[in-house]
4 protein chains.
Amino acid sequence: MYFTSDNAAPVPPEVMAELARANDGFTRGYGADQATAAAQEMLREVLDAPDAVVHLVTTGTAANALALAAFCPPWGAVFCHSHAHVAEDECGAPEFYTHGAKLVLVGGDHGRMDALALGTALLRTGAGGVHGVQRGMLTLTNVTEAGTVYTAAETAELAGLARAQGLPVHLDGARFANAVMATGATPADLTWRAGVDVLSFGGTKNGLMGVEAVVFFDPARAWEFELRRKRGGHLLSKGRYLGAQMVAMLQDGRWRHWAAQANAMAALLAEGLATRGVVLRHPVQANILFVEWPVGTSARLRAGGAMFYDMPATEGQEGARLVTSWATTEADVAAFLRLI
Amino acid sequence: MYFTSDNAAPVPPEVMAELARANDGFTRGYGADQATAAAQEMLREVLDAPDAVVHLVTTGTAANALALAAFCPPWGAVFCHSHAHVAEDECGAPEFYTHGAKLVLVGGDHGRMDALALGTALLRTGAGGVHGVQRGMLTLTNVTEAGTVYTAAETAELAGLARAQGLPVHLDGARFANAVMATGATPADLTWRAGVDVLSFGGTKNGLMGVEAVVFFDPARAWEFELRRKRGGHLLSKGRYLGAQMVAMLQDGRWRHWAAQANAMAALLAEGLATRGVVLRHPVQANILFVEWPVGTSARLRAGGAMFYDMPATEGQEGARLVTSWATTEADVAAFLRLI
Amino acid sequence: MYFTSDNAAPVPPEVMAELARANDGFTRGYGADQATAAAQEMLREVLDAPDAVVHLVTTGTAANALALAAFCPPWGAVFCHSHAHVAEDECGAPEFYTHGAKLVLVGGDHGRMDALALGTALLRTGAGGVHGVQRGMLTLTNVTEAGTVYTAAETAELAGLARAQGLPVHLDGARFANAVMATGATPADLTWRAGVDVLSFGGTKNGLMGVEAVVFFDPARAWEFELRRKRGGHLLSKGRYLGAQMVAMLQDGRWRHWAAQANAMAALLAEGLATRGVVLRHPVQANILFVEWPVGTSARLRAGGAMFYDMPATEGQEGARLVTSWATTEADVAAFLRLI
Amino acid sequence: MYFTSDNAAPVPPEVMAELARANDGFTRGYGADQATAAAQEMLREVLDAPDAVVHLVTTGTAANALALAAFCPPWGAVFCHSHAHVAEDECGAPEFYTHGAKLVLVGGDHGRMDALALGTALLRTGAGGVHGVQRGMLTLTNVTEAGTVYTAAETAELAGLARAQGLPVHLDGARFANAVMATGATPADLTWRAGVDVLSFGGTKNGLMGVEAVVFFDPARAWEFELRRKRGGHLLSKGRYLGAQMVAMLQDGRWRHWAAQANAMAALLAEGLATRGVVLRHPVQANILFVEWPVGTSARLRAGGAMFYDMPATEGQEGARLVTSWATTEADVAAFLRLI
């Protein structure tokens, strides 16, 4: 019963198989191989974006930080949710790659940026002329860190506020597949049709060993990106092994099935927990649950073999975060619920 | 007949097997898994360095740049060979990770730094007080970019010059295995016993999909390294797949066998080429050859299916670089020689 | 009636006289001159800190950013008030000089950091291990951006929270003289005796053309500071003209008299405004007033020749900021009050 | 007899007078004052460049580094002479402000870049695609560090090579006035008519306390420059004192007279030294001399009251650098020559 994170799961057998297939003979290096080309083409199709430029890296932090650096100057403000991954979980990677841009934290319930708060932040930033940092770009996260999602319309509203000020928009889609399955929207509707300029398309949390795609819907910045990627040490010489993983995930709609399984298991878990009186702190829309249960519950669950992270809680309660993945089974959920 | 680079080869089946073995069940993330722990322990044994701290990353550029940044301040000079990988092939990654340190180029024949030139550079740097950059650190490369090696004594001489000035020493060992096999020296003699403080221990060019280890013989900087690695986007959440590759390479001395095969094929090629009157521009000591042959030869070889990179040459000649790998066979060499 | 800023005033005649005195014959460059030495010695006396290392720069932004960079690593968090100058008015200079450190905003009324809010921020930062930025340092501002002051005890309380976590403490004293006169405390009590490690000692807002001192109470980081200063282009070759200005200000306690005049005029203005029903948004403790008056007042004042900056206000009111300086006279204040 | 550097001299009385004139009443801050506006306009006239954007800073290092950063990306190569000030005397300021650009050293006798060497460096850089840094910009220095000058035609030739590759060109004119007087060329011919995009126009070495102008002949990058300047802590709040100094220098052609005096004294010194058998290592074209004289001479001169810097020399000789300024007199020169 491993609910610590979606990165605790093994990779599906199809990934191993595709890696084996790619491991045949000699090939060109640095992303000029066939597997990478296939992955790029498949992603353009998935996103209905024939002109998009796609590049692969190994971590979500690299994808996000490189994507932000491609658009935001060192004196720019990156508007992000107060609890965004870029703000709290990347040890300052955005600041590092942008050479010192400033993350401006925008509030909002359940991990979702509040449009009014964003509007206010946009208006305040840069109003002091040369004395303050300038408006740089907007970054949204879907699925959010709270496990909630933005619909296409919600994405478009927030992106629209930024674009009205001439700002580019980034989407951190480390769990994009889960957002697609949760909203039922098309990948295009959740991204470029809603005003997203650059997307971190996650593979790792959805089942790969370590591959994320950075998708530039506007190719203008793509060459600079390549230089930044190399300079950041993120251009792998044997690109085929990244490409192959991404191919394995995109083929036959597997990326949807894996995410659907994770989402379904989270829903099942949420339902079972609610039935047992456990408080869900945020709506459970994808594959992450934030819960509160009575003090002592966590220890009992762990004694029973469950694994998860502790979270702050209201007094008298214990908090926890539970994450499901492609590998979570109904049996896992049932066993966990039995321990409650 | 693929002689473009050692990164064009597939990975040995043992790597695939170890990945499959590691892909079993759930595990802890971010390098806290058993495969990573095993790889770290095996590397400490290989290097006879029980107190060394070992961390894994996916590229040589990341390993080098992060290692340099751990020791050299932004106002420091990194002394490197004029044609070092850090100087010519990393798009400024050392400058990026060190926040602007200056690479001071030191000459020397056949890719090997000249001790007198290093001494002069050390004396000149920092002599202007606050007006110039300060002496930062030394970085050597073994196998060098010219395909030659440093013996343990040669390493110790150069490292000694730096250490006499209080400077730390880095060794770029992207092809360290080939250097070990070429010199017959122990890994310890080629590194910490010769004065090396931090080592980039290469896996990728020796057969892995993309894993390099950074080895701190002095653990004092290791925590800062972890922060820099995370900040650079180089901390993989599913560390087991890096650990497993490294384990596959280190087990049963495979890293030595793979490198020995590459070196042997280079020697065979060198011998055959010399017999046929081809000029070898540098001593062939490991798995890289720089050759000059009459104009027209390159086209003929390529027409016959050979692949390699062009290089500058003296007039009337054509230059080329040939690299062998664990996957190069005697048949490949023979076929290539037949085309000459 | 110039109340825009203390930097709008001319310099006192004593500054011109000292510059003329220093402009005599040839001298050594880069701060090795006698005027700089005299300024450094006088500052050590003023601060009762015989071992302090003192360096001069030309702007408060440079002083602050260089001071922060001397202590806070790129992956560190700088705890500062939500409206600190370093956060809002330096276009990201702290991020630039620290190579990407993160400013963590701490709230508190009237420009003063709330101790509880600081404590919470300290506890939260770095708790995520390598995933988040680490606790870096604390920076306080005295006089604050709201025109209020910290007493020595208040400074010590906040500094103590930081030091308990092993963090160094910076004091932005762009208006330090005004704080000294407002609190009646000694310079030592407001700084190193309260736990301050490094001080930006302001000269420009108190009457100089453009000189600030950075004072290291602990000299350990001073050499690195010199390198960073040079690298930032802030080492002036003709240091005597900075030294002379600082000497002019420190001699005969002028720095106290100038600040006392500014504070007194602010108090007079505050009293007059309060009498006339103008709302003071923050306690007026030094030389800055934030006021609210009925809509239309600002235009009328400007028509009468008054100059000041607009500020946000509650509905139906207009907001303004008024700053006095050494050059503000009772006549200026009286003329202004007549226009209300 | 102070020949250490042109920054050892006092400032001419006209500078003090203009400062006093500017020190009258209140004024707007941050360069929005009348003195700054006057200086900007005078510089546009001097350079015959009515559309140029002019900004003032306090040091040559800041001027150069900010100018380079305005045009060269972090992954760019800055082509400079092997002994350029930016390469040897700024403690890595260009690397700091550009966020890690690489200075590519180009050789050439007597401090002047060799056109063939520049051409070769241009061709080699960036040829490796994403693996190496890209061609960024060219920076020339006139007067060079060796005390020689480029004519307008020589400047145009070198700038032309860069521009043919689409690169912008910077001119470090810390001693630009001396170059103008030495060549007899117009400021326009030595700069924008020769292909220069951005100029560091020196004031400090020619007699000011500390003011340099950065002149953008193409205004496109000027706003970014303002942000970088602020972020670097180089925007002085009391801009009038910079403007006034520059006005003092530009008025009535004083900048020419001061430089002419320095050049004339250097020529007189060179003639006298040559007569006495002293070897001049570089042609003396402006206000710097590099000399070699028999061992023991330096000590004798210093005993007689002369001041200068030692330099490396051929065996049996001593080397020295002598610099003249606006304040050097014929009596100084005569006294020095008597000591030889």
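The values are calculated or read from the model by the stated rules, or taken from the named source; none is laboratory data. Note that this is a predicted model, so its numbers are computed, not measured. Cβ sites come from the backbone with ideal geometry, for glycine too, and all protein chains shown count toward neighbours.
Within the group B:L68, B:L56, which residue is out of contact with any Phe, Trp or Tyr (no Cβ under 9 Å at 6 or more places or on another chain), buried (at least 24 other Cβ atoms within 10 Å of the Cβ) and modelled with pLDDT of 95 or more?
Exactly one of B:L68, B:L56 is out of contact with any Phe, Trp or Tyr (no Cβ under 9 Å at 6 or more places or on another chain), buried (at least 24 other Cβ atoms within 10 Å of the Cβ) and modelled with pLDDT of 95 or more, namely B:L56.
For the subset of the range B:191-209 comprising residues that are closer than 18 Å to B:P168 by Cα and among the hydrophobic types (A, V, I, L, M, F, W, C), which member is surrounded by the fewest Cβ atoms within 10 Å (Cβ to Cβ)? Break it down stepwise before answering.
Looking only at the range B:191-209, we keep the residues that are closer than 18 Å to B:P168 by Cα, and these are B:191-201.
Checking the rest, the ones that are also among the hydrophobic types (A, V, I, L, M, F, W, C) come to B:192, B:194, B:196, B:198-199, B:201.
Working: B:W192: 22, B:A194: 24, B:V196: 26, B:V198: 29, B:L199: 30, B:F201: 28.
Once the filter is applied, the top-ranked residue is B:W192.
Of the conditions (1) touching a residue at least 24 places away in the same chain (Cβ under 8 Å); (2) within 14 Å of chain A (Cβ to nearest Cβ); (3) not hydrophobic (A, V, I, L, M, F, W, C), D:T151 clears all except one; give me its number.
(2)
Starting from the range D:273-290, take each residue that is free of Cβ contacts under 8 Å to residues at least 60 places away in the same chain and not assigned by TED's automatic domain parsing to the domain that holds D:L301 and list its partners that are aliphatic (A, V, I, L, M) and surrounded by 20 or more Cβ atoms within 10 Å (Cβ to Cβ), counting only C-beta distances under 6 angstrom and pairs at least six apart or across chains.
none
Identify all residues within the range D:107-119 that are in contact (Cβ under 8 Å) with a residue 12 or more places away in the chain, part of a helix (DSSP H, G or I) and under 19 Å from the mean Cα position of the chain (by Cα); write none if there are none.
D:H110, D:G111
Of the numbered conditions (1) out of contact with any helix residue (DSSP H, G or I) (no Cβ under 9 Å at 6 or more places or on another chain); (2) within 14 Å of A:T328 (Cα to Cα), A:M265 fails exactly one; give the number of that condition.
Condition not satisfied by A:M265: (1).
So which of B:V86, B:V57, B:V46 ends up being more than 23 Å from C:P73 (Cα to Cα) and within 12 Å of chain A (Cβ to nearest Cβ)?
Just one listed residue meets the conditions, B:V86.
May I ask you to list the residues in the range B:231-246 that are in contact with a Lys or Arg (Cβ under 9 Å, 6 or more places away or on another chain) and within 8 Å of another protein chain (Cβ to nearest Cβ)?
Those that are in contact with a Lys or Arg (Cβ under 9 Å, 6 or more places away or on another chain) and within 8 Å of another protein chain (Cβ to nearest Cβ): B:H234, B:L235, B:S237.
Can you name every residue in the range C:204-230 that is under 15 Å from C:Q40 (Cβ atoms) and more than 11 Å from chain D (Cβ to nearest Cβ)?
Correct list: C:A213, C:V214, C:V215, C:F216, C:F217, C:P219, C:A222, C:F225.
Which residues, counting only those in the range D:94-133, are among the aliphatic types (A, V, I, L, M), under 19 Å from D:T144 (Cβ atoms) and within 11 Å of chain B (Cβ to nearest Cβ)?
Scanning the range D:94-133 gives D:L103, D:V104, D:L105.
Using beta carbons and a limit of 6 Å, which pairs, at least six apart or on different chains, have the first residue in the range C:180-197 and on the phi > 0 side of the Ramachandran plot and the second one surrounded by 21 or more Cβ atoms within 10 Å (Cβ to Cβ)?
The qualifying pairs are C:G195/C:A159; C:G195/C:V169.
Take the range A:210-233 and flag every residue that is within 18 Å of A:V169 (Cβ to Cβ), surrounded by 24 or more Cβ atoms within 10 Å (Cβ to Cβ) and either outside the structural domain of A:H170 (by TED's automatic domain parsing) or in contact with a Phe, Trp or Tyr (Cβ under 6 Å, 6 or more places away or on another chain) (or both).
Residues satisfying the conditions are A:A213, A:V215.
Only one of these conditions is not met by A:L122: (1) part of a loop (DSSP other than H, G, I, E, B); (2) closer than 30 Å to D:G29 by Cα; (3) modelled with pLDDT of 95 or more. Which number is it?
Every condition holds for A:L122 apart from (1).
Which of the following residues is within 22 Å of C:G184 (Cβ to Cβ) and surrounded by fewer than 21 Cβ atoms within 10 Å (Cβ to Cβ): C:L289, C:L250, C:L268? Steps first, please.
On the way: C:L289 fails: surrounded by fewer than 21 Cβ atoms within 10 Å (Cβ to Cβ); C:L250 fails: surrounded by fewer than 21 Cβ atoms within 10 Å (Cβ to Cβ).
Testing whether each residue is within 22 Å of C:G184 (Cβ to Cβ) and surrounded by fewer than 21 Cβ atoms within 10 Å (Cβ to Cβ) leaves just C:L268.
Return the total of residues in the range B:37-69 being part of a helix (DSSP H, G or I) and not small (G, A, S).
Of the residues in that region, 11 qualify.
In the range A:115-134, what count of residues is obtained for those that are touching a helix residue (DSSP H, G or I) at 6+ places or on another chain (Cβ under 9 Å) and within 30 Å of A:Q285 (Cβ to Cβ)?
Counting residues in the range A:115-134 that are touching a helix residue (DSSP H, G or I) at 6+ places or on another chain (Cβ under 9 Å) and within 30 Å of A:Q285 (Cβ to Cβ) gives 4.
Somewhere in the range D:11-26, is a residue free of Cβ contacts under 8 Å to residues at least 40 places away in the same chain, on the phi < 0 side of the Ramachandran plot and more than 8 Å from every other protein chain (Cβ to nearest Cβ)?
yes
Tell me the residue from D:A69, D:A65 that is closer than 24 Å to D:E224 by Cβ and at the interface with chain C (Cβ under 10 Å from one of its Cβ atoms), please. If you could, list the steps in order and put the result at the bottom.
Details: D:A69 fails: at the interface with chain C (Cβ under 10 Å from one of its Cβ atoms).
Going through D:A69, D:A65 in turn, just one is closer than 24 Å to D:E224 by Cβ and at the interface with chain C (Cβ under 10 Å from one of its Cβ atoms): D:A65.
Which one of these does B:L236 not meet: (1) in contact with a Ser or Thr (Cβ under 9 Å, 6 or more places away or on another chain); (2) surrounded by fewer than 24 Cβ atoms within 10 Å (Cβ to Cβ); (3) not acidic (D, E)?
If we test B:L236 against (1) in contact with a Ser or Thr (Cβ under 9 Å, 6 or more places away or on another chain); (2) surrounded by fewer than 24 Cβ atoms within 10 Å (Cβ to Cβ); (3) not acidic (D, E), just (2) comes out false.
Return yes when A:E145 is among the acidic types (D, E), touching a residue at least 60 places away in the same chain (Cβ under 8 Å) and more than 30 Å from D:H234 (Cα to Cα) and no when it is not. If you could, list the steps in order and put the result at the bottom.
Working: among the acidic types (D, E): yes; touching a residue at least 60 places away in the same chain (Cβ under 8 Å): yes; more than 30 Å from D:H234 (Cα to Cα): yes.
The answer is yes for A:E145.
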